[in-house]
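The values are calculated or read from the model by the stated rules, or taken from the named source; none is laboratory data. A quick note: this is a predicted structure, and the numbers were derived from the prediction, not measured. Here the Cβ is made from the backbone with ideal geometry for all residues, glycine too, and neighbour counts use every protein chain on show. Keep in mind that these areas ignore ligands, DNA and RNA; they rest on the heavy atoms of the full protein, side chains included. Shrake-Rupley method; radii C 1.70, N 1.55, O 1.52, S 1.80 Å.
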Amino acid sequence: MHIFEVIGAGTSAITIFATSYDEAVRLYMVYWLARENRDLPNLEVKQRNSAWPGLNLEALDHALSSGVSGIGKFDPNKGWTIVSPTDGAEEA
């Protein structure tokens, strides 16, 4: 499992947990299409180093070891929650 950061033109960065670059792109596409009624923007997909400064390494190790793919949301009190790319789409 790896951690990726995906940025679409003019959008905020989304953290994705995925087994590969291709899966991260696919998850972002599902995430985007569940929320937007317009073409997918140009994307920048970066695999983040799990030792990247500023990350809570203990919480990240726990999330990565879970083996769950999806959209990552970090709460400093709870750690990482990984959800389906379609979760919460009706709220967006």
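Evaluate segment 83-92: report whether one residue or more is part of a strand (DSSP E or B), touching a residue at least 12 places away in the same chain (Cβ under 8 Å) and either among the basic types (Lys, Arg) or loosely packed, with under 15 Cβ neighbours inside 10 Å (or both). Steps first, please.
Initial filter on segment 83-92 (part of a strand (DSSP E or B)): 83.
Checking the rest, the ones that are also touching a residue at least 12 places away in the same chain (Cβ under 8 Å) come to 83.
The next check asks that each one be either among the basic types (Lys, Arg) or loosely packed, with under 15 Cβ neighbours inside 10 Å (or both); those that pass are 83.
Yes - at least one qualifying residue is present in segment 83-92.
The residue that is modelled with the highest pLDDT, counting only those in segment 52-64 that are within 19 Å of residue 24 (Cβ to Cβ) and assigned to a loop (DSSP other than H, G, I, E, B), is 55. Quick one: residue 52 ticks every box in (1) touching a Gly at 6+ places or on another chain (Cβ under 8 Å); (2) open to solvent by 80 Å² or more (accessible area, probe 1.4 Å); (3) under 21 Å from residue 76 (Cα atoms) bar one, so which box is it? Only one criterion is unmet by residue 52, namely (1). Just name the residue that is least open to solvent (accessible area, probe 1.4 Å) out of those in segment 38-49 that are farther than 16 Å from residue 64 by Cα and in a loop (DSSP other than H, G, I, E, B). The extreme case among them is 41. Among the residues of segment 65-82, the ones that are under 22 Å from residue 26 (Cβ atoms) and either modelled with pLDDT under 90 or part of a loop (DSSP other than H, G, I, E, B) (or both) come to 4 in all.
Residue-by-condition table, conditions (1) over 19 Å from residue 84 (Cα atoms); (2) open to solvent by less than 60 Å² (accessible area, probe 1.4 Å):
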site	(1), (2)
9	yes, no
21	no, no
33	no, no
36	no, no
61	yes, no
64	no, yes
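The set of residues in segment 11-22 being within 14 Å of residue 72 (Cα to Cα) and outside any strand (DSSP E or B) consists of 12, 13, 19.
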